[in-house]
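Accompanying notes for the structure given below.
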Amino acid sequence: MSESIEIISWNVNGLRAVLKKGFLNFLAERQPDVICLQEIKASEHQIPKLELPFERQCYHSAERAGYSGTATFSKPTFVGKTTGLPEHPAEGRILTLEYDAFYLVNVYVPNSQDELRRLDYRTAQFDPDFRDYLKELDAKKPVIVCGDFNVAHEEIDIARPKANRRSPGFTNEEREQFTQHLNAGLVDVFRQQHPNEPDHYTWWSYRGGARARNVGWRIDYFLVSERLAPQVKKTEILSDVLGSDHCPISITLEL
């Protein structure tokens, strides 16, 4: 008998901030089985005891206060938890839960920053090492990886590709690394289910009314192992959900 499960991913741009902007109401209305958060900007002890409909709450915070960090809240039982890439800076960027049927990897990929100061680290170190990490997991059981990848993969994933050709998040180097993730056996399930559909974005600048005009970027993704992709029955970008400069994204799969 198949079981349906919904997983949501959301860069909340500060968990304590989004708690003041309707986050708990969103969870009550949507009732996902698992939610993966990025850029929580807090350590676990700084976050108030959350009365959430999730028995299991896992955090991977950055050493630097108020920076980066990931959290995953789960109703289903998982059998293991790891953080991945311990040789990299302690920025709380990866949180992996192992379930019976798959690994769920929550990731907040480093931004290349102004003047591309971190481009070399991101594309020559983090991305390749992260991809090797995913390959190791995938050799054991299927992988679902979700989060803020800080890259618009193709021109269709950004409202103004020509104007942003060398901007952080739309360099050739970053886009090529994402292509290599897909070539390693992962599927961008939203784009698979919505091929050639423009104007689907997950992040908007706070400047110039970009969100109201839908001048955005699709930089948040669910990637799944090829053998798991047929079980993803629905993918959504929840662009009407406010509270962050990113919106939540969702997949529903049958196991």
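The values are calculated or read from the model by the stated rules, or taken from the named source; none is laboratory data. Owing to the predicted nature of the structure, the values given are computational and were not obtained by experimental measurement. Glycine also receives a Cβ, built like all others from the backbone with ideal geometry; neighbour counts cover every protein chain displayed. Just the protein is used for accessible areas: all its heavy atoms, side chains included, with ligands, DNA and RNA removed. Shrake-Rupley method; radii C 1.70, N 1.55, O 1.52, S 1.80 Å.
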So which of A62, A17 ends up being under 16 Å from G243 (Cβ atoms) and either in a loop (DSSP other than H, G, I, E, B) or out of contact with any helix residue (DSSP H, G or I) (no Cβ under 6 Å at 6 or more places or on another chain) (or both)?
-> A17
Flagged in region 20-46 as in contact with a Gly (Cβ under 7 Å, 6 or more places away or on another chain) and either part of a strand (DSSP E or B) or at negative phi (or both), in numbering order, are K21, F23, C36, Q38, I40, A42
Test P230 against the criterion of being open to solvent by 10 Å² or more (accessible area, probe 1.4 Å) and free of Cβ contacts under 8 Å to residues at least 24 places away in the same chain, and give yes or no.
-> yes
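The rows are residues; the columns are (1) of a type in the set (F, W, Y); (2) open to solvent by 10 Å² or more (accessible area, probe 1.4 Å).
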{"residue": "K141", "(1), (2)": "no, yes"}
{"residue": "P161", "(1), (2)": "no, yes"}
{"residue": "V189", "(1), (2)": "no, no"}
{"residue": "G209", "(1), (2)": "no, yes"}
{"residue": "R213", "(1), (2)": "no, yes"}
{"residue": "W217", "(1), (2)": "yes, yes"}
{"residue": "L223", "(1), (2)": "no, no"}
The listed residue being modelled with pLDDT of 95 or more, over 19 Å from the mean Cα position of the chain (by Cα) and closer than 22 Å to I251 by Cβ, out of D100, D120 | D100
Residues of region 112-139 classified as surrounded by fewer than 23 Cβ atoms within 10 Å (Cβ to Cβ) and of a type in the set (G, A, S), total = 2
Quick check: is even one residue across region 65-72 farther than 22 Å from Q31 by Cα, surrounded by 18 or more Cβ atoms within 10 Å (Cβ to Cβ) and in contact (Cβ under 8 Å) with a residue 12 or more places away in the chain?
-> yes
Looking at V187, is it part of a strand (DSSP E or B) and either over 18 Å from the mean Cα position of the chain (by Cα) or at negative phi (or both)?
-> yes
Restricting the search to region 73-87, which residues are open to solvent by less than 50 Å² (accessible area, probe 1.4 Å) and either part of a loop (DSSP other than H, G, I, E, B) or without any contact (Cβ under 8 Å) to a residue 24 or more places away in the chain (or both)?
-> P76, F78, G80, G84, L85
Looking at (1) surrounded by 13 or more Cβ atoms within 10 Å (Cβ to Cβ); (2) more than 18 Å from the chain's Cα centre (by Cα); (3) within 24 Å of S244 (Cβ to Cβ), can you tell me which one D199 breaks?
-> (1)
Being more than 18 Å from G169 (Cα to Cα) and not hydrophobic (A, V, I, L, M, F, W, C) narrows E44, E39 down to just E44
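Residue by residue, here is whether (1) within 24 Å of N111 (Cβ to Cβ); (2) among the aromatic types (F, W, Y) holds:
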| site | (1), (2) |
| --- | --- |
| W204 | yes, yes |
| R213 | yes, no |
| F222 | yes, yes |
| R227 | no, no |
| S239 | yes, no |
| D245 | yes, no |
| S250 | yes, no |
